[in-house]
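Read the figures in this text as sums done on the coordinates, not as results from a lab. Note that the structure is predicted; figures quoted are calculated from it, not measured. Note that each Cβ is placed from the backbone with ideal geometry, even for glycine, and that neighbours are counted across all protein chains shown.
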């Protein structure tokens, strides 16, 4: 009679992912955001893993979690393993030759830089489907299924444009502005994603800081731009995003002062992607399209 002994139970991949992400990012909330689940789900997965191990991986307190010696000792090997897994998945996708390219980008970049280029991209690359996800921060391409990242950021990748900023407004309002001191008499709009823009511009332009922005605050740059187009005030414009409005004259720069921020507009993908993959073809197209309009 054949004997079928029970197989030892293996650790769940979801629990191992939860541990690696939490250990690498320093907490359950950050891991939950990266993995697209709730912090409670991350906590439950790790508790299950610790129960099977018979040893804790994290020390928990009111201030958060800290790796135990076992957790710290285990992290490097798991981080390397999931790095390799992510690369293997992307290589498999490239070999399967899908014509779907997933781009992660900032909401403002998606609307003002990427979206206007998509009709021409679709016309020149028929059969390629572009999927866009708007995110506030660049994702980790080794842990997420995006092909390309397009953000104002430091690091690797191709620099498409420096992030040059300066006040912009509708032409009618510009007629009321002669010097930066006139900003004290008009609403100065602010976007919550770039709250420090006004200070950066004042500092680099060697202007007095009492010319502080006074006016509405918007959670989306697109809303602030619409209001500026409607004549509601002055906004700190990002040249890479608002170039079409400036060329058409719908927006104008009333002052000559400009500031260049530390993080340029960059396009990048995970290292090792095949040069003939759809994602790299789209990347090359975007780089060339930007250069031809610079």
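Identify the residues of the stretch 259-278 with backbone N under 17 Å of a label point that sits 7 angstrom from the Cα of residue 288 along the Cα-to-Cβ direction, or state none.
The answer is 275-278.
Give me the percent relative contact order of the chain, please, defined on Cα pairs under 8 angstrom at least 6 residues apart. Kindly include the intermediate steps, with their values, before the conclusion.
Working: 435 pairs, mean separation 61.3, N = 294.
Averaging sequence separation for qualifying contacts and normalising by length gives 21 percent for the chain.
Go ahead and estimate [θ] at 222 nm for the chain from helices alone: -39,500 (n - 2.57) per DSSP H run with n ≥ 4, summed, over the residue count, rounded to 500. Before the final figure, lay out the partial values.
Working: 10 runs with 118 residues, N = 294.
Counting only the DSSP helices, I get -12500 deg cm²/dmol.
Which of 138, 187, 56 moves most in a GNM of the chain, Cα contacts under 10 Å?
Evaluated over the chain, the most mobile residue of the options is 56.
Order these by the 10 Å Cβ neighbour count, fewest first: 248, 205.
248, 205
First check a/c for the stretch 146-286, with a ≥ b ≥ c the square roots of the eigenvalues of its C-alpha gyration tensor; if it is under 1.5, answer rounded, and if not, answer prolate when a/b is larger than b/c or oblate otherwise.
Numbers: a/c = 2.57, a/b = 2.10, b/c = 1.23.
Taking the square roots of the gyration eigenvalues as a ≥ b ≥ c, the stretch 146-286 is prolate.
Would you mind ranking 11, 19, 166 by Cβ crowding within 10 Å, fewest neighbours first?
Values: 11 12, 19 25, 166 20.
With the fewest neighbours first, 11, 19, 166 line up as 11, 166, 19.
Rank the residues 103, 159, 287, 211 as a footprinting-exposure proxy: fewest other Cβ atoms within 10 Å of their Cβ go first.
Fewest-to-most Cβ neighbours within 10 Å comes out as 159, 287, 211, 103.
Full-extension gain between residue 274 and residue 77, please, as 0.36 nm times their residue separation minus the C-alpha to C-alpha distance. Write down the numbers at each step before the final one.
Details: separation 197, 0.36 × 197 = 70.92 nm, distance 2.61 nm.
Full-extension gain reported as 68.3 nm.
Report the label-to-label distance for residue 159 and residue 120 in nanometres (one decimal), using points 7 Å from each Cα along the Cα→Cβ vector.
In this crude spin-label approximation the distance works out to 2.3 nm.
So how tilted is helix 239-248 from the main axis of the chain? Cα-based, degrees 0 to 90, rounded to 10.
Taking Cα atoms only, the helix is inclined about 40 degrees.
By how many degrees, between 0 and 90 and to the nearest 10, does the Cα long axis of helix 278-293 differ from the longest principal axis of the chain?
On a 0 to 90 degree scale, this one is about 10.
Among DSSP bridges having both ends in the chain, what percentage is antiparallel? Round to the nearest 5. Present the calculation step by step, with values, prior to reporting the outcome.
Values: 18 of 31 bridges.
In the chain, approximately 60 percent of DSSP beta bridges are antiparallel ones.
Using the basic label-point model (7 angstrom from Cα toward the beta carbon), what is the residue 59 to residue 136 distance in nanometres?
Computed distance between label sites residue 59 and residue 136 equals 3.1 nm.
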